[in-house]
Amino acid sequence: METISASKLKNIVILILVVVDIFLAVLVIPRAIAANTAERAASRQIEELLAANEITVLPGVIPGHGAATRDAVLERNTEAQLRVAEYLLGTGLTQSDLGGGITSYENSRGTVTFRAGGEMTAQLSEPPAGNLSHPEDALRLLEKIGVSVEKLSRETADGHVVVTASQSIRGVEVRGSDITLTYGMDGLQQVSGRLYLDGSPDYVATERLTAATAMLAFVNSRDELGYVCAEITEMRVIYLPVSGSDNRLSPAWLITTDTGSFRVDFASCQVVQE
């Protein structure tokens, strides 16, 4: 019986793998080409629609098919909430169940209260330990407690510095998710807002609303809303809290123009001016 050397066997295995890769490529590449062709065609249709309405669009503004298109559901994460309380107040916490889904944590340094929907209020008699107790450290403090910050703003009122932060989930901005941090002379005094602390939400399939359909709804709504614009500068997906639900977020298209911003809801296709 003729034996096969190790080197020949290795070559045969490599050849088999190459053949398999080629076979898979033959199956996959046509689908990828079809998807890319459809995406380019949709972009051209949007550009033609806007041109017909004398609206220009900056290059690269129209998204592809990779945008988030499903509702996100975030379950209450009590372990993450405890970590937030410990970071703000330190150890030696007394936990109390106040009923109605309300939980509080307390020690000599203050109180942190969470509601079922994620709303949180922290009243601090002493600023957090460490070097994150001043307005300049707001971003790092929020990241430390597990918040993905989309953007920050800052203002001074009545001798206090107020920092407001909006959040994101998996890189998608959540509108209506502001967290407010209030600072006094001695440092951080109060934190309030709804925290989205679960980094791995469950996704619920929803009907897809393509960029082309959203743009058509936007253009058709101009007369009803009474606005005029000459240029589209941005188009992206955002999340909005679902009314009547504590933990569900629904996607919408955000269209930014030279005269204002507009939302196109995935479920209703309704256009709302920001």
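The values are calculated or read from the model by the stated rules, or taken from the named source; none is laboratory data. Remember, it's a predicted structure, so these values are computed and weren't measured experimentally. Here the Cβ positions follow ideal geometry from the backbone for every residue, glycine too, while neighbour counts run over all protein chains shown.
Here's the yes/no breakdown for (1) at pLDDT 85 or above; (2) within 21 Å of the chain's Cα centre (by Cα); (3) over 22 Å from residue 76 (Cβ atoms):
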position: 113; (1), (2), (3): yes, no, no
position: 121; (1), (2), (3): yes, no, no
position: 139; (1), (2), (3): yes, yes, yes
position: 142; (1), (2), (3): yes, yes, no
position: 148; (1), (2), (3): yes, yes, no
position: 155; (1), (2), (3): yes, no, yes
message: Given the condition closer than 30 Å to residue 140 by Cβ, in contact with a Lys or Arg (Cβ under 8 Å, 6 or more places away or on another chain) and at pLDDT below 75, answer yes or no: does some residue in region 88-95 qualify?
response: no
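Each row is one residue, and each column tells you yes or no for (1) in the same structural domain as residue 250 (by TED's automatic domain parsing); (2) surrounded by 15 or more Cβ atoms within 10 Å (Cβ to Cβ); (3) among the aliphatic types (A, V, I, L, M).
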{"residue": "89", "(1), (2), (3)": "no, yes, yes"}
{"residue": "99", "(1), (2), (3)": "no, no, no"}
{"residue": "105", "(1), (2), (3)": "no, yes, no"}
{"residue": "111", "(1), (2), (3)": "no, yes, no"}
{"residue": "143", "(1), (2), (3)": "no, no, no"}
{"residue": "156", "(1), (2), (3)": "no, no, no"}
Here the residues within region 182-210 that are modelled with pLDDT under 80 and outside any loop (DSSP other than H, G, I, E, B) are 202, 203, 204
Taking the condition at pLDDT 75 or above, on the phi > 0 side of the Ramachandran plot and outside the structural domain of residue 174 (by TED's automatic domain parsing), does residue 54 pass?
yes
Taking the conditions exactly as written (surrounded by 13 or more Cβ atoms within 10 Å (Cβ to Cβ) and without any contact (Cβ under 8 Å) to a residue 24 or more places away in the chain), does residue 237 satisfy them or not?
no
Pairing a residue in region 92-120 that is farther than 21 Å from residue 181 by Cα with any residue that is of a type in the set (D, E, K, R) and in a strand (DSSP E or B), where Cβ atoms lie under 6 Å and the two sit 6 or more apart in sequence or on different chains, gives 94/106
Exactly one of 255, 179 is modelled with pLDDT of 80 or more, outside any loop (DSSP other than H, G, I, E, B), surrounded by 21 or more Cβ atoms within 10 Å (Cβ to Cβ) and not assigned by TED's automatic domain parsing to the domain that holds residue 62, and that one is 179
Considering residues that are at pLDDT 85 or above, under 15 Å from the mean Cα position of the chain (by Cα) and more than 16 Å from residue 268 (Cβ to Cβ), the number found within region 211-249 is 2
Residues in region 216-252 that are closer than 21 Å to residue 60 by Cβ and not in a strand (DSSP E or B) total 5
